[in-house]
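Written below as structure tokens is the structure these notes are about.
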Amino acid sequence: MKTKALLISTFCLLFFSCQEKTKSYKKKATNIITDKNNSQSNKEKATLERDTITIEYLNKYNPYDYETKLSNGYSLEFKYFQEDKNNPIEMCLNLKKGDKTIDTLNIMGYGSPHKNLGYIGADYNKYFVFVNSFGSGNPHDFKLIEKQNGKIIKSGFIVDSFKNPELLLYAKGYDSLMLYDLEKKKDNFI
């Protein structure tokens, strides 16, 4: 009798164990099929998004977030562009005086935050500070640019700026603090 009960319990244990594994395999197969369908759906969505996002749409719903006017008739021009229909849409910032483009300051894909593309950090008489910001808490990269020709005068991490007198406080690296006098064109190590 004990042997018969032992055989029946072993049989039941094996039977239910096999059923659980079968359910598990069916669930995994369903998940694989679902993941494959989701992957195809995501690709279709990305293609659809690429095909439906237009420059007009971006200009209307994602305009440039920062000031573009500089003193003495200079400005930054923000625009979206696409070289041809097979290329992705990009955005750029140009340094301009009136209708004349002096230099292209930066180009990035349209999905990047505008602070990554760049913005005006300080505006001086003959120069301006062009800043790129990549994430919260990170130092802000800058270039001190001569407005007339787009030439880079200084670069590093911006700390602060002062208008009268025209001074720029910046770090060359992580171990040096510099004060640049724009009028005298002189660096002072602090």
_Based on this model, can you work out whether Ser136 counts as free of Cβ contacts under 8 Å to residues at least 60 places away in the same chain, of a type in the set (S, T, N, Q) and touching a Leu at 6+ places or on another chain (Cβ under 9 Å)?_
no
*Looking only at region 44-73, and only at residues there that are at pLDDT below 90 and not β-branched (Val, Ile, Thr), the one that is farthest from Asn132 (Cα to Cα)*: Glu44
*Could you count how many residues in region 116-150 are more than 14 Å from the chain's Cα centre (by Cα) and of a type in the set (S, T, N, Q)?*
3
_Can you tell me which condition Tyr74 does not meet? The list is (1) open to solvent by 70 Å² or more (accessible area, probe 1.4 Å); (2) more than 26 Å from Asn138 (Cβ to Cβ); (3) of a type in the set (Phe, Trp, Tyr), and all the others hold._
(1)
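For (1) part of a strand (DSSP E or B); (2) farther than 23 Å from Asp103 by Cβ, each residue gets a yes or a no:
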position: Gly135; (1), (2): no, yes
position: Phe142; (1), (2): yes, no
position: Gln148; (1), (2): no, no
position: Val159; (1), (2): yes, yes
position: Leu169; (1), (2): yes, yes
position: Gly173; (1), (2): no, yes
position: Leu179; (1), (2): yes, yes
*Which of (1) more than 20 Å from Tyr74 (Cβ to Cβ); (2) surrounded by 14 or more Cβ atoms within 10 Å (Cβ to Cβ); (3) within 27 Å of the chain's Cα centre (by Cα) does Pro113 not meet, given it meets every other one?*
(2)
*Take Ile120 and decide whether it is touching an Asp or Glu at 6+ places or on another chain (Cβ under 7 Å) and free of Cβ contacts under 8 Å to residues at least 24 places away in the same chain.*
no
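The values are calculated or read from the model by the stated rules, or taken from the named source; none is laboratory data. Everything quoted here is computed from the prediction, not taken from an experiment. Cβ: placed from backbone, ideal geometry, glycine included. Neighbour counts: every protein chain shown. These area figures cover heavy atoms from the full protein model, side chains too; ligands, DNA and RNA do not enter into them. Shrake-Rupley method; radii C 1.70, N 1.55, O 1.52, S 1.80 Å.
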